[in-house]
Amino acid sequence: MPLNYQSDASVQISEYIDAMPDWSKAICLKLRTIIHKADPQMVEDWKWGPNFYHQGMVCGFDVFKKHVAFVFFHGAQLKDPKKILAKEDNNVHNRRIHFKTLAEVKEIFLIDYIKEAVQINTTNKAVPISKAAITEIDTPLDLQKLLDDNKLSEYFDMLAYSHREEYITWINDAKKGETRLNRLTKTIEMLLKKLAR
């Protein structure tokens, strides 16, 4: 089990997926199924969002305004024969795939990638994750919607990276859906207060 394992992580992941728009919900459900098909021993956990664990963090996904990001936490070590993995600006080890439609989720390829990612962990070949030069961070869909609704998107985007990261990490670290909702509301309140100064 992960060191800080969330016992209700599967419930949190289900609640997270259920709250998403239909297009992204379908992608997340498919990814979740493929992950467990690739490795039946995979443990569902919650760390910055849906996270899947087998002797270390393997992969996870998060929903954004126009795509679902599927992340491999040691993706830089994957062979990537299909050349489908993209680098991240804020982490030299992670690699991700952006899915905009369900049709883009190819089970036959992803299963091989997931199995290889698990093997990296189980053979102790994973390189510890470290931060690289940080320039950008993706805003979760539920936060982005509230920013748009409150006309705060432009203001939020102008904040320093470290400030945006602090808000987003605080929201993503919520262990329950209710706590996440409260933090989202509090974030908007704080931003409105700062903007009014």
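Every read-out reported here was derived from the displayed coordinates using simple, explicitly stated rules and does not represent laboratory data. Given the structure is predicted, the values throughout are model-derived calculations rather than measurements. Here the Cβ is made from the backbone with ideal geometry for all residues, glycine too, and neighbour counts use every protein chain on show.
Okay, here's what the table says:
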{"item": "For region 9-122, the fraction of alpha-carbon pairs in successive 10 Å shells from zero, as %", "result": "14, 52, 32, 2"}
{"item": "Charge dipole magnitude, Cβ of K and R +1, D and E -1 - the chain, Cα centre, debye nearest 20", "result": "260 debye"}
{"item": "Sum of -39500 (n - 2.57) over DSSP H runs of 4+, divided by residues of the chain (222 nm, nearest 500)", "result": "-14500 deg cm²/dmol"}
{"item": "Cα centroid of region 53-125 to Cα centroid of region 153-197, whole Å", "result": "27 Å"}
{"item": "Computed over the chain: relative contact order in percent, which uses C-alpha pairs under 8 Å that are six or more apart", "result": "20 percent"}
{"item": "Mean Cβ neighbour count within 10 Å, used as a protection proxy, ranking 151-159, 96-104 highest first", "result": "96-104, 151-159"}
{"item": "Residue-by-residue Karplus 3J(HN,Hα) for region 61-77, coefficients 6.51, -1.76, 1.60, Hz, glycine and proline x", "result": "9, 8, 9, 10, 4, 10, 7, 10, 8, 10, 10, 9, 6, 10, x, 5, 8"}
{"item": "Long-range HN-HN contacts of His93 with modeled amide H, under 5 Å", "result": "Ser130"}
{"item": "Long-range HN-HN contacts of Cys59 with modeled amide H, under 5 Å", "result": "Phe52, Phe73"}
